[in-house]
1. Can you name every residue in region 186-240 that is within 23 Å of GLU146 (Cβ to Cβ), touching a residue at least 60 places away in the same chain (Cβ under 8 Å) and part of a loop (DSSP other than H, G, I, E, B)?
2. Do we find that GLY69 is open to solvent by less than 40 Å² (accessible area, probe 1.4 Å) and closer than 16 Å to ARG136 by Cα in this structure?
3. Report, by residue number, each residue of region 318-343 that is open to solvent by less than 10 Å² (accessible area, probe 1.4 Å) and small (Gly, Ala, Ser).
4. If the requirement is being modelled with pLDDT of 95 or more, open to solvent by less than 20 Å² (accessible area, probe 1.4 Å) and in contact with a Phe, Trp or Tyr (Cβ under 7 Å, 6 or more places away or on another chain), which of these qualifies: LEU222, LEU193, LEU255?
5. Which of the residues spanning region 114-137 are in contact with a helix residue (DSSP H, G or I) (Cβ under 7 Å, 6 or more places away or on another chain) and either open to solvent by 60 Å² or more (accessible area, probe 1.4 Å) or under 15 Å from PRO192 (Cα atoms) (or both)?
6. Restricting to region 264-289, give me the number of residues that are under 27 Å from SER220 (Cα atoms), open to solvent by 10 Å² or more (accessible area, probe 1.4 Å) and not β-branched (Val, Ile, Thr).
7. Residue by residue through region 284-305, note down the ones that are part of a loop (DSSP other than H, G, I, E, B) and either over 19 Å from ALA267 (Cα atoms) or among the hydroxyl-bearing types (Ser, Thr, Tyr) (or both).
Amino acid sequence: RTTMKTLRFISAEAFVSNAEFARKSLSAVAHDLFPLLFKASYLLEQGEVIHDLVKNWPLTDFNMGKLLGATLDYQEDLSHRTCSVCLESCLTGLRDYVLDQSSPYMKKLKVVDLTGIKDVEVQFCKCKKTMGRWARTQLLSKLCSEILLYLQQAQCNPGAFEISINVLIDLFVTERNYELVVQALLNKCSCPLKICCVAFRSDNLTLQKFFYIIKLTDPSLLRKLEIVHNIHLEMEHLEMLFNSIHFPLLMSLTLPARTFNVRRFTATDEQMLTNIGEKMGEIMQLTELSMSFSILTGRIQKLLSPLKTPLKMLDVSNCSLNHADMAFLANSFHANHLEALDLSGHDIPELYPSTFFKLLRHCSSVLRSLTLEDCNIQDTHVNMLILGLSSCQKLQEFRFIGNPLSSQALKHLFTFLCELPMLKNVEFPVPRDCYPIGITYPIDDASLCRFDHQKYERVAEELNLILLQANREDVKASTPLFGSYDAAVQETNSELGAYLIKSFKETLEKFTTSFNKMS
């Protein structure tokens, strides 16, 4: 599909395609043409031109999402292109904007917004090298330190210290870039580039380091907080976090697995849970909550009833919910507002079929994303599922891998899915009849790939043919065996892998030491 370009955009492309000429001519370019030239340069991956455009930016704001998004001159949205060449040129251009010796009264730039950049699986840039969220965090922090060092050492224009630019960014901090980010945040007052953290994701950090850096980010500005994987946050730490830090603008909260991993709740635990619920209730903007792989049996009401704003996104996958929990969700004021819901890891047909369908009915007018992985949905449940989904006319994503469905049941379901007008993404399971007879669900990791791959390919072709015959080429259907693509995990998997090996080794050493003592 080719996106139409206006004559203005074609002219801009022609101008920036000769990098040497474009860079020499920038001083003669009208200020209102800079955004147009920036998008054209980004499309053509003209790193040197991008650098000089940013270095000489004549406007008061620089918003990546708006600059790369759909414009009248070129409708295609480029904000999902996290091209390393383009982004590095952009950020070094920002550094040189500050350090440029020309008089500061010419510099109007006040706000740089980098939050509109979207990290996706498939990249269309020619260099094929991406700069993810972690790398952007790393580079911006490094450039802030470079700026300060240069200003302190060089005989530069003192006016450079008067420049103050708020840089809005989604930070991603792990052990490997922690020290660099801490230094940049500590020096925020004296650095012309002021890091303003709008969203914060942390992984592979000790609790001490997490608590220290979260306070440095200025939590009063945070809209999204993701504490994931290798941060061992437990219930008492979460209570401590809410007691010590105020998050007035927080809209989205993701907690690591096993935050609420208490099998037998004591009176102290119950009180702690009540306090956490009340603290979350004080966060007036909170509309997205993810707390997967925790034991929340019978405690959903205690956690969610204090919330004053209805949730739009709820992830309670693998949380051992019982009938009372599902009944609370179905009857709560959240139900009518849920746009994204993940109930994976619950035996829905066995435990609470009617209550689940009641919940689905209540959120059907707004629901955009539904995830029901490993929910024991079988062939006999497909007609009921179709009935429940038929009112979800705004559904864009449906994920249901890990369910024991046959090829025939999948074809029946796909024929229905073609009728959902907004649907864009379907993640379906390997059909049960592709696995050896007697396979048990949920399938363990060791057996996950032991299926008839040729038969699966034939079935996948048939399912795609159903979409094609219904003129639904816009729907992407896939089977990600080990879960959906996660840009953040993909970017830091080597660090996280090394951490897991180290943890395993330490555990093994402790076990060996204990065993030797016993011997």
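The values are calculated or read from the model by the stated rules, or taken from the named source; none is laboratory data. Remember, predicted model here, so these are calculated numbers, not experimental data. For neighbour counting, all protein chains shown are included, and Cβ atoms are generated from backbone atoms with ideal geometry for every residue, glycine included. Please note that ligands, DNA and RNA were not included when accessible areas were found on the heavy atoms of the full protein model with its side chains. Shrake-Rupley method; radii C 1.70, N 1.55, O 1.52, S 1.80 Å.
1. PRO192, the sole residue that qualifies.
2. no
3. ALA330, ALA335 - these are the residues of region 318-343 that are open to solvent by less than 10 Å² (accessible area, probe 1.4 Å) and small (Gly, Ala, Ser).
4. LEU222
5. LYS129, THR130
6. Adding up the residues that qualify gives 9.
7. Scanning region 284-305 gives MET284, GLN285, LEU286, THR287, MET291, SER292, PHE293, SER294, THR297, SER305.
For (1) in a helix (DSSP H, G or I); (2) farther than 29 Å from ASP474 by Cα; (3) open to solvent by less than 70 Å² (accessible area, probe 1.4 Å); (4) of a type in the set (Lys, Arg), each residue gets a yes or a no:
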| position | (1), (2), (3), (4) |
| --- | --- |
| GLU20 | yes, yes, no, no |
| LEU33 | yes, yes, yes, no |
| PHE38 | yes, yes, yes, no |
| GLY65 | yes, no, yes, no |
| SER89 | yes, yes, yes, no |
